[in-house]
Structures are given as structure tokens and as C-alpha cells.
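Nothing in this text is a laboratory measurement; each read-out follows from the coordinates by a stated rule. Model, not experiment: these values are computed from the prediction. Cβ coordinates were reconstructed from backbone atoms using ideal geometry, including for glycine residues, and neighbour counts include every protein chain displayed.
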Amino acid sequence: MTGQRWGDFIMKTSLYSNLQRNIIAVTLLVSLAPLILLGVTMYYQFSRTCRDKIEEQIRYRAGAQAEAVDLFLKERTAILGAMAASHSLSEMILGKNLSRVFEVMNQWAGAFVDLGVIDNAGQHLAYVGPYDLKGLNYYQQPWFAEVMSKGIYISDVYTGFRQLPHFIIAVRRQEGQNSWILRATIDPDIFGGIVRSAQIGKTGDAYLINRDGFFQTNPRFDGRILAESKLNTRLFGGRTTVIEQENRHGRKLLYAGSWLKNDKWLLVISQDPHEQMSGLFMARNVEIVIIISGILAIILATIFTTRLTVSRLRQSDSRMNELNAELIQSDKLAAIGKMAAGVAHEINNPLAVILQKTGWMEDLLYDENFQNAKSLEEYKESIKIIEEYVERARKVVHNMLGYARKMEPHLEDVDVNGTINQTIDMLENYARTNSIDIQTELDPDLPIIAGNEAQLQQVFMNLISNAIDAIGKNGLIKVKSGRTGSDIAVSIIDDGPGIPRDQQKKVFDPFFTTKEAGKGTGLGLWVIYEIIKSMGGSITIKSEVEKGTTFVVNIPIVVPEKK
């Protein structure tokens, strides 16, 4: 391949590669951008909707549970107030009466741990319950002043004299100038269970905190009663508020807070949104799989169709180049035809003169002056040889005119083996001077065919002489003949340097030669290719570099007409 052709090949390869990359890039961009945008938009909208739904659910649960806790406290406060209003201090301080009241309260409402009567000086006058609290004075306790001033009081959780976390409900009863307090402790387990009933799932939690952020009930995770919750209660305004905040482990949770009606306690429900959004994540994963599958399908289809399109475009371009080459070759053949016609015309005249003179010379030999000459026979033989070669030259000229004018060759009986031997005899000296041995393996049973002996001799002459030129010095040429079906196959095998693969398909092109400049015209193989083609036969080449070359000529067997 010449430098110019190699440059064109590199340029076209780069052009097609860039074209393929650009088509793939543009197609993928146009195809994938809407798909990815649609997937992202759908996921974002679905995620936002699910999150809003989770926030709405947790907000509703917080509000509803706060109302349930409010109702629980209101019922206990009401029954405690009713017991205080329906009994005098003198009745209450009697042990049997207080126990009966305590029994009735638990029967109708429940959740009371103990019950006590305290006078206006803070002295514990009567007590029913599991602790030893009778006789203690509560005047210095913070809740005592609150209930004496407000009449009804629900305390925060505290430890008090019993040194256990608890909270109380207390009501004041006024009897004339005298006042006293009926106080009850609420069971923390029952109360905490009511609060915790709002938690959902494996990560959900529900608890109460006071305004300072301390737990009033035991949380499910990360804390205990009276411990600090780390929640800023000021973030929860109005009735129910939902916020997002990291817990102690750095995980973001949703917190819904609803203040109770006493505005002292905040009911908090926490929830990990990822648990509630597990369905969303499953849908997201399915969506991702579908999108990725679609993307892969689009990519593969785009690459396949683009490569197929570019490949067909490249084949079309290659075919167009071949057609252009064939057109150029046709122009060359037309030029050769015209040249052959001119050359044949110019050669015919000298050949006619030579043939005329040889006839005159032959007539002179019959003159009696030459009859006694010692070299008479040698002269006759020389004239005969001149006439033979003139006839051969005339046949070659006739063939050249046939290429130019599409003339039909003259058919005669041809012995293929005889033509091969005659050709080898003419080239024997040339081969011997170059230390090249020509061996033959000819099938003796080959039939006589109808053909043009001069053309066949030209074919064999050209192929054998080319083999001699290719070997140069010290080599072997084998010529084989045999019958293959309806053809006669003649093989010319040499052990020369061989022909490179990229040049083999060009050897029959006009003006193509592997010989050095000035040593070959590039027309020999083209001429014999046209000769064999005109006979209806074929010629093939098989060659390996450093191993040699084999030309196989297939000649159709045409039975001669009966004479």
C-alpha cells in the first residue's frame, strides 16, 4: 500500500470512527436524558408524597394520643374531685372510709396506686397504699403550694419521699374556713402503656416530656424516666408540630409533638421515615432496575444500529471506490485497445515485408548457383525458422487486434502437453543459465482440444518466464497438467520469494508489476488473464512469502470439429 493510499485509509478510518462516536453520543443523549429525567422526577415526587403522608400520619397519631392522655388525666382528676366533694375531712381520715373510697376509685376508673388526705398545714392525716407515708409533712413540697393556690394540680414526675419516679393528682376541698387535700398517685406502668400505645413499627417510639425536656414516661430507646431527652421543646408550637432531627446516633428521625391541655407535658412520637418508606425504596429499586435495563437496552441497540449503519456506509464507500477503480481500469483497457490496434497495424507491415523477403530468399535457394552450396540445408532451416516466428508474431498481432476489435480467435487442434513442452524448450537455455531446473509432470491422457495454440503458448511462456524472473538464481519450477472434470488444469509452481497477500488480488490488473522499475510493463499477466477468460477458463494464484507461488490455469475442454 502506497503512502498516499495508507494516508487515505487512516483518514477514512478516523472519519468513520468519529462519525460513529458522534452518532452514538447524540442518540444516547437524546434517548437517555428524558428517561433519566423522568425517573428522577417520578422518584422525587413519589418520595415527597410518601414523606408528606408519613408526616401527616405521625401528626395525626400525636394529636389523637395527646387527646387520649388528656382524657385519661381528666377522668382521674374528675373522680378524685368527686370523692373529695362527697366526703368530709372527718369521714376521710377514718381508715375504713378512705380504703372504701380508694377501692371505689380503682373499681370505676383504675390506675390509682395510693390515696392520701393532707391538711392545710401539710400534715399527712390518712393514707392508703403500699408506702409508709402517714405522718409525713408536705408543706415544703413544691406541689403542696401549687394545689393550695390552684385547687387542682397535676405534678411533674418526681421522686419525693418514696425515692421513686411518680406523679400525683391533687384536689383541694374547702370546708368553711378549713381546707384539706385529697391526693392520689397514678400507676406509672398503666400511664406509660397508654402513651407507648402510639408507637408503630420497629423504630417507632412515644413518650412524654415536660417543658424542660425531661422524660415523664420511659421511652423505648435511648433514655429513661427523668433523664434529659435532648429535645428542644420550643421547636414544638401550637397544637401538633412535626420536625426532623438527628437522634443521639446521628440518624434522622421525624418527631411529632403535641402539647397536652395543661401545657406542661409534650407528647412526642418519633419515627424513622426509612422504615415507613420501605415500600418506596422497593419501588425505587424496581424503578432503578427498569431504568438501568432500559438504558442498557438503548445503549446496546444504539451501538449495534450505529455500527451496522456505519459499516454499511463504509461498504458502500468501499464499493464506490471499487467501481471508480473499475471505471479507471476500463479507461485503461480502452486506451490499451487503441494502442494495441495502432501497434498491430504498425507491426503487420514489417512482418509482411519480412515474409515476402523470406519467400524471395527461399526462391533464390533453388537457383543452381546455390544448389551446390555447403550451407544450403542450413539456409533452408534458417528461412523456415524465420517464417515460423513471423507467423507466430502475426498471430500475436492478430490477438492484439482481437482485444481492440473484439475479433474471434482462430480455432485449431491444440495438444496442451505439446504446447507446454514447446514453450519449455524455448525457455530451457534461459533457465539453465540461471541455474533453474524446470521439471514436468504431464498427464499423457489429455485430450486434443479446439483452441488457439499461439495464445496458449503465450500464456505458458509468460507464466514460466515470470517464474524464472521471480526465482532469479538457483531454483526449481514444476509444470503439471491433468484433467479435472470438464477442464484441463495446468499448474506452474516455483520456489521463489512469493507475493505478499495484499498484492495478490492486483497481479492481473493492467500496469501492475512486482518487478523493479524498467524491468516489467505490468501487462503480461493481464494479457494472459484476458486470453484465458476469452476461452471460458480461469486462472488463480496461490502464494506465500518465502515459500513460492503457484498459478493454476483451467482450460475448458472443447472437442475439435471433425475435419
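The magnitude of the dipole of the stretch 410-556, with charges of +1 and -1 set on the Cβ of Lys/Arg and Asp/Glu and taken from the Cα centre, is near 540 debye. Taking each DSSP H run with n ≥ 4 as -39500 (n - 2.57) and averaging over every residue of the chain yields -18500 deg cm²/dmol at 222 nm. Taking every DSSP bridge with both residues inside the chain, close to 90 percent are antiparallel.
With angles folded into 0 to 90 degrees, how steeply does helix 3-85 sit against the dominant principal axis of the chain? Use alpha carbons for both and round to 10. Between the helix axis and the principal axis of the chain, the angle is about 10 degrees. Counting only alpha carbon atoms, the long axis of helix 453-471 and the longest principal axis of the chain meet at about 60°.
For the stretch 72-95 versus the stretch 189-243, the inter-centroid distance based on Cα atoms is 30 Å. With neighbours defined as other Cβ atoms within 10 Å of a residue's Cβ, the residues His274, His249, His166 order from fewest to most as His249, His274, His166. Charging the Cβ of each Asp and Glu at -1 and of each Lys and Arg at +1, and nothing else, the dipole of the chain about its Cα centre rounds to 3780 debye.
Across the chain, Cα pairs under 8 Å and at least six residues apart give a relative contact order of 9 percent.
Computed over the chain, the Cα gyration tensor eigenvalues convert (square root of 5λ each) into semi-axes of 131, 21, 18 Å, ordered from largest to smallest. Cβ crowding within 10 Å, taken as a proxy for footprinting-reagent exposure, orders Tyr138, Tyr16 from fewest neighbours to most as Tyr16, Tyr138. Pairs exceeding a 32 Å alpha-carbon distance, out of Lys12/Lys533; Lys96/Lys264; Lys74/Lys96; Lys96/Lys261; Lys12/Lys505; Lys134/Lys264: Lys12/Lys533; Lys96/Lys264; Lys96/Lys261.
Of the residues Gly524, Tyr207, Ile448, the one whose Cα sits farthest towards the positive end of the charge dipole of the chain is Tyr207 (charges of +1 on Lys and Arg Cβ, -1 on Asp and Glu Cβ, taken about the Cα centre).
A cut-off of 5 Å between modelled amide H atoms, ignoring neighbours fewer than 5 places along the same chain, links Leu523 with Phe511. Remark: relative contact order (the stretch 158-201) = 29 percent; criterion is Cα-Cα distance under 8 angstrom and separation of 6 or more residues.
Applied to the stretch 414-425, the Karplus parametrisation 6.51 cos²θ - 1.76 cosθ + 1.60 on θ = phi - 60° returns per-residue 3J(HN,Hα) values of 10, 9, 4, 4, x, 5, 4, 5, 4, 5, 5, 4 Hz, with x for Gly and Pro. Axis angle, to the nearest 10 degrees, between helix 95-108 and the longest C-alpha principal axis of the chain: 30 degrees. Taking a ≥ b ≥ c as the square roots of the eigenvalues of the Cα gyration tensor, an a/c ratio of 1.5 or more together with a/b no larger than b/c marks the stretch 432-474 as oblate. Charge dipole of the stretch 8-276 (Cα centre as origin; +1 on each Lys and Arg Cβ, -1 on each Asp and Glu Cβ, all else neutral): 440 debye, rounded to the nearest 20.
Annotation for the stretch 215-259: trypsin sites (Lys or Arg not before Pro) lying in DSSP loop with at most 16 further Cβ atoms inside 10 Å of their Cβ are Arg220, Arg224, Lys230, Arg239, Arg248, Arg251. Counted by neighbouring Cβ atoms within 10 Å, the residues Trp526, Trp265 run from fewest to most as Trp526, Trp265.
Restricting the trypsin sites (Lys or Arg not before Pro) of the stretch 52-143 to loop positions (DSSP other than H, G, I, E, B) with no more than 16 neighbouring Cβ atoms within 10 Å leaves Lys134.
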